[in-house]
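Novice: Structure provided below as structure tokens; questions to follow.
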Amino acid sequence: MTDVYSETDSAGRSFTVTGGDWDTVADAAQEDEEGHLVVNMGPQHPSTHGVLRVILALDGETVTECRLAVGYLHTGIEKNTEYRTWTQGVTFVTRADYLMPLYNEAAYCLSVERLLGIENDVPERANVIRVLLMELQRIGSHMVAIATGGMEIGAIAVMTFGFRERELILDCLELITGLRLNHAYIRPGGVVQDLPVDAEEKVREFVKVMRRNLGDYAKLLNENDIFKGRLKGVATLDLPGCMALGVTGPMLRAAGMPWDLRKAQPYCGYEDYEFDVVTADGADAYDRYLIRFEEMKESLDIIEQCLDRLGPPGEKPVMVDDPKIAWPARLAVGSDGQGNSLDHIRHIMGESMEALIHHFKLVTEGFRVPAGQAYVPIESPKGELGAHVVSDGGTRPYRVHLRDPSFANLQAVPAMAEGGMVADVIVAIASVDPVLGGVDR
Amino acid sequence: MSTGGGGENVPERRVHDLPLPTYGRGMFGANDTGDTSGYGRLRRPVPFPGPAQRPYGEGLDEIADAFEGGYDDYHTAIEQVVVHRGEITFHVRRESLLDAVRVLRDDEILRFEMCLGVSGVHYPQDVGRELHAVYHFLSITNNNRLRLEVSCPDSDPHIPSIVEVYPTNNWHERETFDFFGIVFDGHPALTRIQMPDDWVGHPQRKDYPLGGIPVEYKGATIPPPDERRAYH
């Protein structure tokens, strides 16, 4: 079936190609004196990492110009938060970058906590749980980065392995938060509930499996000639380029800058953990892969340190000790799965008038946040993620803006792709690890 | 915050009208039903954090000193300095924005190598300065941060683009234009980035409705989120 649809207008001849009929296009490009071809890739394309549209001007197989178009996944998350309470805001921001929902929640909650002035009142156990979950998710996010990046250059096995490991992480997160994605688990003031009793055992088991599997990845990829051939020296972006384009995260560290907010501007108690900031100096796609790979090992170390510090669940608080902020409802495992805690219902209905009032006011109105603005950045798997949160003193956010690292990093793709081969555009995009849910929000 | 002691060292600062306050309405959010308490007619001002006095706090005075020392037009460019929750915000006149960010990037003490983009905030009650653009900067060398805030009236929504100094702001400024209608003069290609090109309006402004339809459930009707009872 030939589906070549040729049309000539003021912009020149255009073709609609659905695969298998490139000869006509190639012949037409030969006829054209300049030999230039403008190719539209996406927005629905398996190699664009989501719904990203790439427009390429080609001279033969060399990319002369590259432009990206985003916005296909815009869902108005920021606007929606302005019509819900501060607590409900968590359920919106978590849906921005769907490969690192807990980071979105953490950035948002840390900003709200700063505005509330309760940054130092968040219980230690809540911080340890936050770090534990974030590091679990960092591995999951890096796994998808490597998996989809491998798939896009033809290494399907890497994709199946990567998603297999991520499934183990999602199992852990499901056990702890109740959901595989979009957890809404981190809340202003702490986390929504304590870990279940079998969480520590499950996570320890995962760490053991993951350490072994990471060795397999190293054997499969690190010195693989084809893999290195596709990635080494491709999509380079040096340090001045990273600085000018606001690039953070693994891309910046691959350019030799040891910049990690967990070390430089610690939050959630990261100063108490021992781990290394991994850097490389190749500034290319291969070094970005290596950095993600090594960071997963560091994350496993941090997870183990978290588990050692946790202790048995249920003894220490996981929410700030302020009945005017802390979400009042408690959950318990009932005969039909999860439900309201009968102890809590007895407390508010039979024992304490104040508890009933706090429950009612917090659930219907929510709490008020003093007027002002805050920006608390955290080191997400993709770079600096910050929530710019403005309050006008009310029970709803006045404005929430997520500074998503994918959004800023994606701007660097033309700088990495122009002048290179068209096949390397795929590598360049994959090495950025953009998630369009976060880019478009 | 005390101003005593070092009073003679504090430069005289022209304090412009604060952007706000906003006003809290009522107490129970019951403006539309039989509110017999009278609290529904309450109107109390909610002030935003005001201009700060020296000392600004740990690490922040050094930034302010370096900014003041490195920028010749500091006193005309900077309208006020706000310190809140340990974060410092310089309110900059829009005419001076480009010069100010050049100082931030190029000054050998300040060294704000990285800009983390701009986000808009719409304050309809702040007449004459309705649209605010908020920039976050990071100095990796000094490991510190600062924030610039620029305002422009809704009737003349123009702010100079800083893309020539911080290229990363290209997409960020397009997004702020898309959502708030702030025109960044000098931007290389200021087009919409998230909304379709032919979209009418700027969706994250406060006068742009969220939209939605009432939902009926078991005979009761739940209004869309922007028409529900709100508490302030």
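The values are calculated or read from the model by the stated rules, or taken from the named source; none is laboratory data. Worth saying up front: this structure is predicted, and the values here are computed from it rather than measured. Positions of Cβ are backbone-derived with ideal geometry, glycine not excepted, and every protein chain shown enters the neighbour counts.
Novice: Out of all the residues in the stretch B:174-225, which are surrounded by fewer than 18 Cβ atoms within 10 Å (Cβ to Cβ), free of Cβ contacts under 8 Å to residues at least 60 places away in the same chain, among the charged types (D, E, K, R) and within 25 Å of A:ARG403 (Cα to Cα)?
Specialist: B:ASP185, B:ARG192, B:ASP197
Novice: Do you know which of the residues in the stretch B:146-173 that are away from every other protein chain (no Cβ under 13 Å) and among the β-branched types (Val, Ile, Thr) is surrounded by the most Cβ atoms within 10 Å (Cβ to Cβ)? Give the derivation first.
Specialist: Within the stretch B:146-173, the first condition is being away from every other protein chain (no Cβ under 13 Å), and the residues that meet it are B:150-161.
With the extra rule that they be among the β-branched types (Val, Ile, Thr), the set shrinks to B:150, B:159.
On the way: B:VAL150: 25, B:ILE159: 28.
Per the stated criteria, the residue is B:ILE159.
Novice: Pull up the stretch A:168-196, narrow it to residues that are assigned to a helix (DSSP H, G or I) and of a type in the set (Val, Ile, Thr), then point me to the one that is nearest to A:ARG211 (Cα to Cα). Show your work before the answer.
Specialist: So the first thing to find is which residues in the stretch A:168-196 are assigned to a helix (DSSP H, G or I), and the list is A:168-177.
Okay, now just the ones that are also of a type in the set (Val, Ile, Thr), so A:169, A:176-177.
On the way: A:ILE169: 13, A:ILE176: 21, A:THR177: 23 Å.
That would be A:ILE169.
Novice: Out of B:VAL82, B:VAL118, B:VAL134, B:VAL163, report the one residue that is over 14 Å from the mean Cα position of the chain (by Cα) and among the β-branched types (Val, Ile, Thr). Give the steps one after another, and end with the answer.
Specialist: Details: B:VAL82 fails: over 14 Å from the mean Cα position of the chain (by Cα); B:VAL118 fails: over 14 Å from the mean Cα position of the chain (by Cα); B:VAL134 fails: over 14 Å from the mean Cα position of the chain (by Cα).
Just one listed residue meets the conditions, B:VAL163.
Conditions tested, residue by residue: (1) within 14 Å of chain B (Cβ to nearest Cβ); (2) touching a Gly at 6+ places or on another chain (Cβ under 6 Å).
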| position | (1), (2) |
| --- | --- |
| A:TYR83 | yes, no |
| A:VAL90 | no, no |
| A:CYS109 | no, no |
| A:GLU119 | yes, no |
| A:VAL122 | no, yes |
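Novice: How about the stretch B:206-223: which of its residues are assigned to a loop (DSSP other than H, G, I, E, B) and either within 9 Å of another protein chain (Cβ to nearest Cβ) or small (Gly, Ala, Ser) (or both)?
Specialist: Taking the stretch B:206-223 and keeping what is assigned to a loop (DSSP other than H, G, I, E, B), we get B:206-214, B:218-219, B:223.
B:LYS206, B:TYR208, B:LEU210, B:GLY211, B:GLY212, B:GLY219, listed by residue number.
Novice: So, restricting to strands (runs of 3 or more DSSP E) that lie completely within the stretch A:333-438, which ones have at least 1 residues that are of a type in the set (S, T, N, Q) and within 12 Å of chain B (Cβ to nearest Cβ)? So that I can check it myself, show each step before the final result.
Specialist: Values: elements: A:337-340, A:372-380, A:383-391, A:399-403.
Correct list: A:372-380, A:383-391.
Novice: One residue is enough: does the stretch B:184-194 have a residue meeting the conditions more than 8 Å from chain A (Cβ to nearest Cβ) and within 16 Å of the chain's Cα centre (by Cα)? Quick ask: steps written out before the conclusion?
Specialist: Of the stretch B:184-194, the ones more than 8 Å from chain A (Cβ to nearest Cβ) are B:184-191.
Narrowing the set further to residues that are within 16 Å of the chain's Cα centre (by Cα) leaves B:184.
Within the stretch B:184-194, one or more residues are more than 8 Å from chain A (Cβ to nearest Cβ) and within 16 Å of the chain's Cα centre (by Cα).
Novice: Same structure again: With the structure loaded, tell me whether A:ALA371 is aliphatic (A, V, I, L, M), within 30 Å of B:PHE137 (Cβ to Cβ) and crowded, with 24+ Cβ neighbours inside 10 Å or whether it fails that test. I'd like the intermediate steps shown before the answer.
Specialist: Numbers: aliphatic (A, V, I, L, M): yes; within 30 Å of B:PHE137 (Cβ to Cβ): yes; crowded, with 24+ Cβ neighbours inside 10 Å: no.
The answer is no for A:ALA371.
Novice: With (1) within 14 Å of chain A (Cβ to nearest Cβ); (2) surrounded by fewer than 15 Cβ atoms within 10 Å (Cβ to Cβ); (3) not aliphatic (A, V, I, L, M) as the list, and B:ASP126 as the residue in question, which single condition is left unmet?
Specialist: Only one criterion is unmet by B:ASP126, namely (2).
Novice: Does the stretch A:382-394 contain any residue that is among the basic types (Lys, Arg) and within 20 Å of A:THR148 (Cα to Cα)?
Specialist: Scanning the stretch A:382-394 turns up at least one residue that is among the basic types (Lys, Arg) and within 20 Å of A:THR148 (Cα to Cα).
Novice: Kindly provide the set of residues from the stretch B:213-232 that are modelled with pLDDT of 85 or more and not small (Gly, Ala, Ser), ordered by number.
Specialist: First, pick out the residues of the stretch B:213-232 that are modelled with pLDDT of 85 or more: B:213-225.
If the condition is that a residue be modelled with pLDDT of 85 or more and not small (Gly, Ala, Ser), then B:ILE213, B:PRO214, B:VAL215, B:GLU216, B:TYR217, B:LYS218, B:THR221, B:ILE222, B:PRO223, B:PRO224, B:PRO225 are the ones that fit.
Novice: For the stretch B:80-95, how many residues are out of contact with any Pro (no Cβ under 9 Å at 6 or more places or on another chain) and either outside any loop (DSSP other than H, G, I, E, B) or within 11 Å of chain A (Cβ to nearest Cβ) (or both)? Outline the logic, then answer.
Specialist: So the first thing to find is which residues in the stretch B:80-95 are out of contact with any Pro (no Cβ under 9 Å at 6 or more places or on another chain), and the list is B:86-88, B:90, B:92-93.
Those still in the list that are either outside any loop (DSSP other than H, G, I, E, B) or within 11 Å of chain A (Cβ to nearest Cβ) (or both) too: B:86-88, B:90, B:92.
Looking only at that region, the number is 5.
Novice: Just to verify a result, which residue in the stretch A:137-160, among those that are out of contact with any helix residue (DSSP H, G or I) (no Cβ under 7 Å at 6 or more places or on another chain) and within 21 Å of A:GLU174 (Cβ to Cβ), is surrounded by the most Cβ atoms within 10 Å (Cβ to Cβ)?
Specialist: It comes out as A:SER141.
Novice: Being among the hydrophobic types (A, V, I, L, M, F, W, C), closer than 18 Å to A:ARG138 by Cβ and crowded, with 18+ Cβ neighbours inside 10 Å is the filter here; which residues of the stretch A:248-280 pass it? Give the derivation first.
Specialist: First, the residues of the stretch A:248-280 that are among the hydrophobic types (A, V, I, L, M, F, W, C): A:251-252, A:254-255, A:257, A:259, A:261, A:264, A:268, A:275, A:277-278, A:280.
So of that shortlist, the ones also closer than 18 Å to A:ARG138 by Cβ come out as A:251-252, A:254, A:259, A:261, A:264, A:268, A:275, A:277-278, A:280.
Passing the criteria: A:MET251, A:LEU252, A:ALA254, A:TRP259, A:LEU261, A:CYS268, A:PHE275, A:VAL278, A:ALA280.
Novice: Answer yes or no: is there a residue in the stretch A:228-239 that is within 12 Å of another protein chain (Cβ to nearest Cβ) and modelled with pLDDT of 90 or more. Show your work before the answer.
Specialist: Taking the stretch A:228-239 as the starting set, the residues that turn out to be within 12 Å of another protein chain (Cβ to nearest Cβ) are A:239.
Narrowing further to those that are modelled with pLDDT of 90 or more: A:239.
Yes, the stretch A:228-239 contains at least one residue that is within 12 Å of another protein chain (Cβ to nearest Cβ) and modelled with pLDDT of 90 or more.
Novice: If A:VAL278 meets every condition in (1) farther than 23 Å from A:ASP424 by Cα; (2) of a type in the set (Val, Ile, Thr); (3) within 14 Å of chain B (Cβ to nearest Cβ) apart from one, which number is that one?
Specialist: (3)
Novice: Can I ask one more? Determine, yes or no, whether B:VAL101 is modelled with pLDDT under 90 and either over 20 Å from A:PRO377 (Cα atoms) or crowded, with 17+ Cβ neighbours inside 10 Å (or both).
Specialist: Details: modelled with pLDDT under 90: no; either over 20 Å from A:PRO377 (Cα atoms) or crowded, with 17+ Cβ neighbours inside 10 Å (or both): yes.
For B:VAL101, the condition - modelled with pLDDT under 90 and either over 20 Å from A:PRO377 (Cα atoms) or crowded, with 17+ Cβ neighbours inside 10 Å (or both) - is not met.
Let's see how each residue does on (1) modelled with pLDDT under 90; (2) among the basic types (Lys, Arg); (3) in a helix (DSSP H, G or I):
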{"position": "B:PHE112", "(1), (2), (3)": "no, no, no"}
{"position": "B:LEU116", "(1), (2), (3)": "no, no, no"}
{"position": "B:SER119", "(1), (2), (3)": "no, no, no"}
{"position": "B:ASP126", "(1), (2), (3)": "yes, no, no"}
{"position": "B:ARG147", "(1), (2), (3)": "no, yes, no"}
{"position": "B:ILE162", "(1), (2), (3)": "no, no, no"}
{"position": "B:ASN170", "(1), (2), (3)": "no, no, yes"}
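Novice: Checking the condition within 14 Å of chain B (Cβ to nearest Cβ) and crowded, with 20+ Cβ neighbours inside 10 Å, which residue from A:ILE77, A:ILE55 passes? It would help to see each step written out before you state the result.
Specialist: Numbers: A:ILE55 fails: crowded, with 20+ Cβ neighbours inside 10 Å.
Only one candidate passes the filter, namely A:ILE77.
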